[in-house]
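Comments concern the structure below.
The values are calculated or read from the model by the stated rules, or taken from the named source; none is laboratory data. Because the structure is predicted, anything quoted here is derived from the model rather than measured. Every residue, glycine as well, gets a Cβ built from its backbone with ideal geometry; the counts of neighbours run over all protein chains shown. Keep in mind that these areas ignore ligands, DNA and RNA; they rest on the heavy atoms of the full protein, side chains included. Shrake-Rupley method; radii C 1.70, N 1.55, O 1.52, S 1.80 Å.
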Amino acid sequence: MFEIVRIENFSPSTFLWEVRAPEIAHAARPGQFVIVRCDEKAERIPLTIADFDVVSGTVTVVIQAAGKSTFDMKAYKALDQISDVAGPLGEPSEIENFGTVVLVGGGLGVAPVFPILRALKLKGCRTISIIGFRSKSLVFWEGRFREYSDETIIVTDDGTYGEKGLVTQPLKQIITEREINRVIAIGPLVMMKAAAEVTRPAGVRTIVSVNPIMVDGTGMCGSCRVSLGGEVKFACIDGPDMDGHLVNFDELLIRQKRFSKYEKKSLELYEKKCQKK
Amino acid sequence: MPKKVIVRQSSAHLPPETRRTNFEEVVCGYSEAEALTEAGRCLQCKTPVCITGCPVKINIKQFINFISKKDYKGAYKTITEANLFPSICGRVCPQERQCEASCVLGKKQEPVAIGLLERFVGDRAQQNDWHETHPVEPIDKKAAIIGSGPAGLACAYDLAKAGVTVVVFEALHRPGGVLIYGIPEFRLPKEVVFKEIENLRGLGVTIETNRVIGKIHTIEELMTRLSFDVVFIGAGAGYPKNPGIKGDSLNGVMSANEFLTRVTLMHGADFPKYGTPVGIGKNIAVIGCGNTAIDSARTAMRLGPDNVYIVYRRTLEESPARKEEIRHAREEGVRFIWQTVPVELLPDDEGWVKGMDCIQRKVDETGLHIDSKFFLYADTVIYALGTMANPIISRTTPELKIDKTGYIETSEDNLMTSIPGIFAGGDITRSTGTFTTVIHAMSTGRRAAKGMLEYLKAGQ
Ligand SMILES: Cc1cc2nc3c(=O)[nH]c(=O)nc-3n(C[C@H](O)[C@H](O)[C@H](O)COP(=O)(O)OP(=O)(O)OC[C@H]3O[C@@H](n4cnc5c(N)ncnc54)[C@H](O)[C@@H]3O)c2cc1C
Ligand SMILES: Cc1cc2nc3c(=O)[nH]c(=O)nc-3n(C[C@H](O)[C@H](O)[C@H](O)COP(=O)(O)OP(=O)(O)OC[C@H]3O[C@@H](n4cnc5c(N)ncnc54)[C@H](O)[C@@H]3O)c2cc1C
Ligand code: SF4
Ligand code: FES
């Protein structure tokens, strides 16, 4: 069993869990993820490690309630126990002094960008962060980003905070105006796809973190397959970081819907249950 | 007057119409009377050739003799000297290719049903809570076992009995390897596996689930920071091979491992009570015809489809699956399409598979190939084309010698890898000339345990 030591709500649908898992915290590196199974009947849910602390022996994940399983997770309180946390899984992000790096986080993707940003900064990179949210009420971790970024740009879809627009707009501007050595983009698939298209003409190496549907997370099932430059890769063992210019995003977007029929059914039942209460 | 020939006792089976609708065990096993009659068929040969056919050399003649004398505990003791999990092996071993293939009775009539007798003894032991209770004399040594499949479990058992402190690290949330995530409930009830694993815990073995070695701890860390003296790698060969044809990434196409894991490990048949959906349609095509393909087809049958097909490039005779399982599948309504290869999977407008273009190749009397092309309507395609070595451990252990295809190389005599103190067995190692089976994995686990104990002794 694993204890949730702290919960922080960022908005009605996004929240943070800090979970006690000393061995995972010890081994974790930026870019890796965990798989959480809350109880005997629950799904195995992959979540990126948004922070880890060897001293307190905890790992932090930021969760967006997207469907039945993640809505269920909202009901947990601090000091509750969950059955399983497996990790760290996946390959760590490459951390080197690359020169100037632009880090792009969209929505919930802002959380997993953070440990990469911190590690790159500590390696000596010059860091420019672009973080985007739908609206002001959804902004989180601005302070943490400012602490490790030489420049921080915040955008919101509706313009209620920072610049109005999408993360790709400032990205495009920076790429055309300056010498950038690497871009890291994490967020919804459409955002990562758009970011990769922005950097492709300039040939700036762009790393994205793909999130296909997973089961085991150990390379055993193939559910997480991704076409990378025409080759089949498994995101759980070959990724989740991948070369954004080689990822077949269109295929991923379709594969994201593999279980949509069932997800809907699950959510409807969940909502019915909530109404009864 | 010639002696009256007693025919081989068959076990009761659930009738196909009922079993198609549930996951209950299909083969019911022997009653005591049936077991006694069957044991009575054994000739108690002077040179029992059945034993040579058994990969772990169970003293078959002796355990059958114990059954005849109704000394079932004696029979259990005899079996467990060589095989720790008779309830499992009695159910899943391909006896028709092993012990039963050698039995002398098989020349004139049918061989003794050694597998069903073994299962009878194993189940008696489970019902009566018999354990193989050896007094364990602890020695001051620690072993880490990677993977809790049959190879790892067998290795853990022998080491624990020799007094070694054993910790098993398992990547998934539940121990058992393929026994727990792959082989379906109706062929190997999970309760049977749980009980065998509980026995192991009773011997003092610790099982740590959710631990992917190579990720949470490297092998080097196991030997240094975590101070294990020896390590056994039994990580299995779970990486599924892709069909590699156009359309294999379409929605509705999945590996047998994914499908079976969703149903068997994650209880997908009970969705939404359990959170994991299975996501199959009504017309299911399984590509391949090994054990895994048959298990997938029979599992799919139990989820209420309209049609389940097995599409296989060769003939019935060439299929590596157990003939009994093919028969079971047929009885349950699975349809077999032989000598056929799918060449392309075709999508509907939304990226879902709607069927496959196939080529059936038959050879006529003159040796001429006759190819015919056809379209098979299928909204779900499950591929069971074999597996490859999982790369997690080899990638994080650069000194570990692997062959061209990623399997771990070991020395023939003690199963030690290229790194001193690290041993390996089961499906992650490649041994020529044998099938990848549960009993083969167990036998390598035991051989490695022997090698590990000798290594520990030599190092003192
Ligand atoms: C490597 C990786 C890292 C991830 N990191 C995070 C994270 O840090 N925070 C977070 O909130 N979410 C993360 N996800 C996504 C998260 O796992 C899914 O949102 C979750 O499983 C959805 O479950 P559900 O039952 O709540 O929703 P469902 O009703 O099952 O699905 C809702 C939506 O989520 C998508 N989805 C469903 N299952 C998965 C899945 N296993 N992986 C990806 N998308 C899925 C569906 O296609 C659908 O669009 C990550 C996924 C992966 C693969
Ligand atoms: C569907 C199916 C049906 C089968 N039917 C039969 C049958 O009827 N009869 C028969 O004899 N054989 C059968 N087999 C084959 C048999 O199951 C295998 O040969 C056998 O299980 C191999 O045992 P193993 O211990 O080497 O590996 P596995 O059983 O594969 O177990 C390996 C374990 O290691 C874990 N692991 C992997 N990597 C790591 C890591 N890095 N860290 C920690 N843990 C890790 C895995 O999660 C897994 O639990 C079948 C196989 C399948 C897939
Ligand atoms: S070969 Fe057959 S008849 Fe002879 S001892 Fe073995 S099981 Fe009995
Ligand atoms: S999640 Fe199963 S192989 Fe990646």
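Return the pair list, or none, for Cβ contacts closer than 9 Å from residues in the range A:254-268 that are more than 8 Å from every other protein chain (Cβ to nearest Cβ) to residues that are open to solvent by 70 Å² or more (accessible area, probe 1.4 Å), at least 6 apart or on different chains.
Partner pairs satisfying both residue conditions: A:GLN256/A:ASN211.
Restricting to the range B:227-242, what's the tally of residues that are modelled with pLDDT under 95 and surrounded by fewer than 21 Cβ atoms within 10 Å (Cβ to Cβ)?
The number of residues fulfilling the criteria is 3.
Working only within the range B:197-218, note down all residues that are within 17 Å of B:LYS141 (Cβ to Cβ) and either touching a helix residue (DSSP H, G or I) at 6+ places or on another chain (Cβ under 9 Å) or touching a residue at least 60 places away in the same chain (Cβ under 8 Å) (or both).
Those that are within 17 Å of B:LYS141 (Cβ to Cβ) and either touching a helix residue (DSSP H, G or I) at 6+ places or on another chain (Cβ under 9 Å) or touching a residue at least 60 places away in the same chain (Cβ under 8 Å) (or both): B:LEU203, B:GLY204, B:VAL205.
Show the residue pairs meeting these rules: Cβ distance below 7 Å; 6+ apart or different chains; first residue within the range B:356-373 and farther than 13 Å from B:PRO342 by Cα; second residue among the acidic types (Asp, Glu).
These pairs meet every condition: B:ILE370/B:ASP364.
From the residues in the range B:13-56 that are open to solvent by 50 Å² or more (accessible area, probe 1.4 Å) and in a strand (DSSP E or B), which one is nearest to B:GLU324 (Cα to Cα)?
B:HIS13
Grab the strands (runs of 3 or more DSSP E) fully contained in the range A:204-246, keeping just those with 1 or more residues being surrounded by 23 or more Cβ atoms within 10 Å (Cβ to Cβ) and within 14 Å of chain B (Cβ to nearest Cβ).
Qualifying strands (runs of 3 or more DSSP E): A:225-228, A:231-234.
Need the failing condition index for B:HIS267 against (1) open to solvent by 20 Å² or more (accessible area, probe 1.4 Å); (2) under 24 Å from the mean Cα position of the chain (by Cα); (3) within 10 Å of another protein chain (Cβ to nearest Cβ); (4) more than 16 Å from ligand 1 (Cβ to nearest atom), just the number.
So the condition that B:HIS267 fails would be (4).
The rows are residues; the columns are (1) within 13 Å of ligand 2 (Cβ to nearest atom); (2) buried (at least 17 other Cβ atoms within 10 Å of the Cβ); (3) without any contact (Cβ under 8 Å) to a residue 60 or more places away in the chain; (4) of a type outside the set (Asp, Glu).
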residue: B:TYR407; (1), (2), (3), (4): yes, yes, no, yes
residue: B:THR410; (1), (2), (3), (4): yes, yes, yes, yes
residue: B:ASP413; (1), (2), (3), (4): no, no, yes, no
residue: B:THR417; (1), (2), (3), (4): no, yes, no, yes
residue: B:ASP427; (1), (2), (3), (4): yes, yes, no, no
residue: B:ARG430; (1), (2), (3), (4): yes, yes, yes, yes
residue: B:THR436; (1), (2), (3), (4): yes, yes, no, yes
residue: B:ARG446; (1), (2), (3), (4): yes, yes, no, yes
residue: B:LEU453; (1), (2), (3), (4): no, yes, no, yes
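Would it be correct to say that A:GLY31 is within 14 Å of chain B (Cβ to nearest Cβ) and open to solvent by less than 10 Å² (accessible area, probe 1.4 Å)?
yes
Test of understanding: among B:GLU34, B:GLU17, B:GLU96, which residue is of a type outside the set (Val, Ile, Thr) and at pLDDT 95 or above?
Selected residue: B:GLU34, the only one of B:GLU34, B:GLU17, B:GLU96 that is of a type outside the set (Val, Ile, Thr) and at pLDDT 95 or above.
Take the range A:239-259 and flag every residue that is out of contact with any strand residue (DSSP E or B) (no Cβ under 9 Å at 6 or more places or on another chain) and either farther than 19 Å from B:ASP349 by Cβ or of a type in the set (S, T, N, Q) (or both).
Within the range A:239-259, just A:GLN256 meets the criteria.
Here is a yes/no grid of residues against (1) out of contact with any Pro (no Cβ under 6 Å at 6 or more places or on another chain); (2) away from chain A (no Cβ under 14 Å); (3) part of a strand (DSSP E or B):
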{"residue": "B:LEU346", "(1), (2), (3)": "yes, yes, yes"}
{"residue": "B:MET356", "(1), (2), (3)": "no, yes, yes"}
{"residue": "B:PHE375", "(1), (2), (3)": "yes, yes, yes"}
{"residue": "B:VAL381", "(1), (2), (3)": "yes, no, yes"}
{"residue": "B:ILE393", "(1), (2), (3)": "yes, no, no"}
{"residue": "B:GLU399", "(1), (2), (3)": "yes, yes, no"}
{"residue": "B:SER418", "(1), (2), (3)": "yes, yes, no"}
{"residue": "B:ALA441", "(1), (2), (3)": "no, yes, no"}
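Here are some conditions: (1) open to solvent by less than 20 Å² (accessible area, probe 1.4 Å); (2) within 30 Å of B:ALA448 (Cα to Cα). B:GLU221 meets all but one. Which one does it not meet?
Here B:GLU221 meets the rest and fails (1).
Name the single residue, out of those in the range B:295-337 being among the β-branched types (Val, Ile, Thr) and assigned to a loop (DSSP other than H, G, I, E, B), that is nearest to ligand 4 (Cβ to nearest atom).
So, considering only residues that are among the β-branched types (Val, Ile, Thr) and assigned to a loop (DSSP other than H, G, I, E, B), the one nearest to ligand 4 (Cβ to nearest atom) is B:VAL334.
I need the full set of residues from the range B:57-87 which are free of Cβ contacts under 8 Å to residues at least 40 places away in the same chain, surrounded by fewer than 19 Cβ atoms within 10 Å (Cβ to Cβ) and not in a loop (DSSP other than H, G, I, E, B), in order please.
Across the range B:57-87, the qualifying residues are B:GLN62, B:ASN65, B:SER68, B:GLY74, B:GLU81.
Quick test for you: out of B:ASN251, B:ASN242, pick the one residue that is more than 21 Å from B:ALA171 (Cα to Cα), under 23 Å from the mean Cα position of the chain (by Cα) and within 14 Å of chain A (Cβ to nearest Cβ).
Exactly one of B:ASN251, B:ASN242 is more than 21 Å from B:ALA171 (Cα to Cα), under 23 Å from the mean Cα position of the chain (by Cα) and within 14 Å of chain A (Cβ to nearest Cβ), namely B:ASN242.
Examine the range B:143-151 for a residue that is of a type in the set (Val, Ile, Thr), in contact with a Ser or Thr (Cβ under 8 Å, 6 or more places away or on another chain) and within 14 Å of ligand 2 (Cβ to nearest atom), and state whether such a residue exists.
No, the range B:143-151 contains no residue that is of a type in the set (Val, Ile, Thr), in contact with a Ser or Thr (Cβ under 8 Å, 6 or more places away or on another chain) and within 14 Å of ligand 2 (Cβ to nearest atom).
Quick one: in the range A:212-265, of everything that is more than 18 Å from the chain's Cα centre (by Cα) and among the polar types (S, T, N, Q), which residue is nearest to ligand 3 (Cβ to nearest atom)?
By that ranking, first place goes to A:THR218.
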